[in-house]
Amino acid sequence: MKTVISDMDLCTGCGCCENSCPCDAIKLSTNREGFLYPSIDLGLCVDCGICTIKCPNTIDDNKSNNKNDFIKLYSAYLENDTIRLKSSSGGVFYSIAEYVIEKGGVVFGAEFDSNFNVRHGYTDKIDDIKRFQTSKYVQSYVGDNYKRCKSFLEEGKIVFFTGTTCQIEGLYSFLGKKYSNLVTADLICSGNTSSGLWKLYVKYVEKKYNSSVQSVNFRDKKYGWDRFSLKISFDTGAIYRRIFPNDSWAYFFLNHYAMRKCCYKCRYKGIEHKADFTLGDFWGVRERFFELYGKRYDDKGLSFVLVNTEKASRIFGRLNKLNYCILPINTVKEYNTTIDNSAKEPIDRAEFYEDFSKGDFSLLEKKYVRISTWKKCNFLYDFYWRNRIYFGDLYRKIMKKVRC
Ligand SMILES: Cc1cc2nc3c(=O)[nH]c(=O)nc-3n(C[C@H](O)[C@H](O)[C@H](O)COP(=O)(O)OP(=O)(O)OC[C@H]3O[C@@H](n4cnc5c(N)ncnc54)[C@H](O)[C@@H]3O)c2cc1C
Ligand code: SF4
Ligand code: SF4
Ligand code: SF4
């Protein structure tokens, strides 16, 4: 079988090959593990080799040659609490998107379609930015959006393109030249998950609730930003909400079963990113919030923003609805180890996907998920989380007594 690159385990599903093929011979479709991979229609392929040349995996990306002394790190949050609460972190994405649209530009990001598949789309309307707000922890299908982005750029419009680091690399490789009117933001990225596994989960909850899913929020902040929940609303009005680590699908995400092969050895780790901005969460800021902002920690979301280029720096200086502080660059490594470390492949991953192919989420749940029953009660888990330092001390005292 003809493939774009010889080792398809390296493929990120970025879609650069699909967008680059002059004969439309490449389509991304889901493999047996539910991840998007390119397949080539030999009837259309003229063997020009463009797809292979364009694939970011074949570009020698010696990071030491890309050393960027310009990078600056900020913590930031949007002053508007309503929008911040609807964002995953501090709402910096919204702030940049609004700025670009006010300048007559176009914003690209990841959104749900009507069947809760995740795909890329674009808008030039402020009211539509919400489609792309909040992280969808499922791989987004880029479709032909690199081509669309290029035509907007050629028209002279400002384009703000957002996605995972591998998608931004795919975009730059597809474009093949620099555009002064292109602004990009990637994410501190833990990895992309199987869209097939997500669809199986959606089917499972729909059966359980005997209703169709109406909306999904992977980053609901009812219990706070640092105890964010997966919230699913149903047509009947029912709502499922579970503090993230205690949901079964989230268990597969956090324990790395759901990850794509390439994410276990992500080649884009480290502080240096090609995107203009890199956005993430400032986890663990609770104790430092007062020192940074002179007010009580509000648990509504705080972003790390890496401002990687001069262009980004100019824009960041004009985002007047943000509260921000400059930080020493290594603070991001201290508080967000994902920037450097790839997900670890579970030893029984192959077995997991054998079981996945049987098409029954409850079987996977029974066999692999280990979540204590009390943790499934949001109230108890929230109470424990707020008092975990006290409970930790109590546990240590009891253990000490038991040992004596
Ligand atoms: C798969 C994934 C894994 C992540 N892992 C981490 C992590 O380990 N640590 C960390 O600090 N931050 C991580 N993030 C980033 C974080 O969750 C926030 O997206 C980021 O901080 C921006 O928050 P915000 O409040 O500025 O914007 P939000 O309003 O939350 O904006 C969301 C942004 O993310 C983009 N996006 C959403 N879903 C996807 C998707 N499936 N594929 C591509 N782009 C998407 C949107 O286009 C938009 O630009 C991850 C994000 C994703 C999508
Ligand atoms: S261009 Fe992207 S989708 Fe195509 S083979 Fe390379 S990594 Fe995979
Ligand atoms: S070799 Fe050329 S024609 Fe064939 S799939 Fe790749 S880009 Fe398309
Ligand atoms: S971990 Fe790396 S390869 Fe995986 S989705 Fe994120 S940027 Fe792409």
Practice problem: Please work out which residue is nearest to ligand 2 (Cβ to nearest atom), limiting yourself to the stretch 192-222 and to residues that are surrounded by fewer than 20 Cβ atoms within 10 Å (Cβ to Cβ) and in a loop (DSSP other than H, G, I, E, B). | Solution: 212
Exercise. Working only within the stretch 356-373, note down all residues that are surrounded by fewer than 16 Cβ atoms within 10 Å (Cβ to Cβ) and in a helix (DSSP H, G or I).
Key: 362, 363, 366, 367, 373
Quiz item: Taking the stated definitions as given, is residue 31 modelled with pLDDT under 95, away from ligand 1 (no atom under 16 Å from the Cβ) and not basic (Lys, Arg)?
Solution: no
Practice problem: Check residue 72 against each of (1) farther than 23 Å from residue 163 by Cβ; (2) more than 16 Å from ligand 1 (Cβ to nearest atom); (3) assigned by TED's automatic domain parsing to the domain that holds residue 141 and name the one condition it does not meet. | Solution: (1)
Practice problem: Pull up the stretch 151-173, narrow it to residues that are farther than 28 Å from residue 87 by Cβ and in contact (Cβ under 8 Å) with a residue 24 or more places away in the chain, then point me to the one that is surrounded by the most Cβ atoms within 10 Å (Cβ to Cβ). | Solution: 173
Exercise. Could you tell me which numbered condition residue 178 fails, if it satisfies all but one of (1) in contact (Cβ under 8 Å) with a residue 12 or more places away in the chain; (2) closer than 30 Å to residue 49 by Cβ?
Key: (1)
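Quickly run through the stretch 300-312 and pick out the residues that are part of a helix (DSSP H, G or I) and either touching a helix residue (DSSP H, G or I) at 6+ places or on another chain (Cβ under 7 Å) or surrounded by fewer than 16 Cβ atoms within 10 Å (Cβ to Cβ) (or both).
Selection gives 310 alone.
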Quiz item: Can you name the residue in the stretch 93-114 that is within 30 Å of residue 201 (Cα to Cα) and touching a residue at least 40 places away in the same chain (Cβ under 8 Å) and, of all such residues, is farthest from the chain's Cα centre (by Cα)?
Solution: 107
Practice problem: Scan the stretch 86-131 for residues that are within 7 Å of ligand 1 (Cβ to nearest atom) and surrounded by 22 or more Cβ atoms within 10 Å (Cβ to Cβ) and jot them down. | Solution: 87, 88, 89, 90, 91, 92, 93, 94, 109, 110
Quiz item: Within the stretch 316-341, which residues are surrounded by 16 or more Cβ atoms within 10 Å (Cβ to Cβ) and among the aliphatic types (A, V, I, L, M)?
Solution: 319, 322, 327, 332, 339
Exercise. Have a look at 44, 36 and point out the one that is within 14 Å of ligand 3 (Cβ to nearest atom) and either among the aliphatic types (A, V, I, L, M) or surrounded by 18 or more Cβ atoms within 10 Å (Cβ to Cβ) (or both).
Key: 44
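Can you tell me which residue is nearest to residue 85 (Cα to Cα) among those in the stretch 229-242 that are touching a residue at least 24 places away in the same chain (Cβ under 8 Å) and crowded, with 20+ Cβ neighbours inside 10 Å?
Checking each candidate, the answer is 229.
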Quiz item: Of all residues in the stretch 146-184, how many are small (Gly, Ala, Ser), more than 18 Å from residue 119 (Cβ to Cβ) and not in a helix (DSSP H, G or I)?
Solution: 3
Quiz item: Does residue 2 satisfy the condition of being within 16 Å of ligand 2 (Cβ to nearest atom), basic (Lys, Arg) and closer than 26 Å to residue 118 by Cα?
Solution: no
Self-check item: Residue selected from the stretch 247-284 under the condition assigned to a helix (DSSP H, G or I), crowded, with 20+ Cβ neighbours inside 10 Å and of a type outside the set (Phe, Trp, Tyr), by the criterion nearest to ligand 3 (Cβ to nearest atom)
Solution: 262
Quiz prompt | Qualifying positions in the stretch 140-173 - over 14 Å from residue 109 (Cβ atoms), among the polar types (S, T, N, Q) and out of contact with any His (no Cβ under 8 Å at 6 or more places or on another chain) | solution = 151, 173
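Looking at the structure I just gave you, is residue 49 within 7 Å of ligand 3 (Cβ to nearest atom), of a type in the set (Gly, Ala, Ser) and at pLDDT 95 or above?
yes
The values are calculated or read from the model by the stated rules, or taken from the named source; none is laboratory data. Small disclaimer: the values here were computed from a predicted structure and weren't measured. Positions of Cβ are generated from backbone atoms using ideal geometry, with glycine treated the same way; all protein chains shown enter the neighbour counts.
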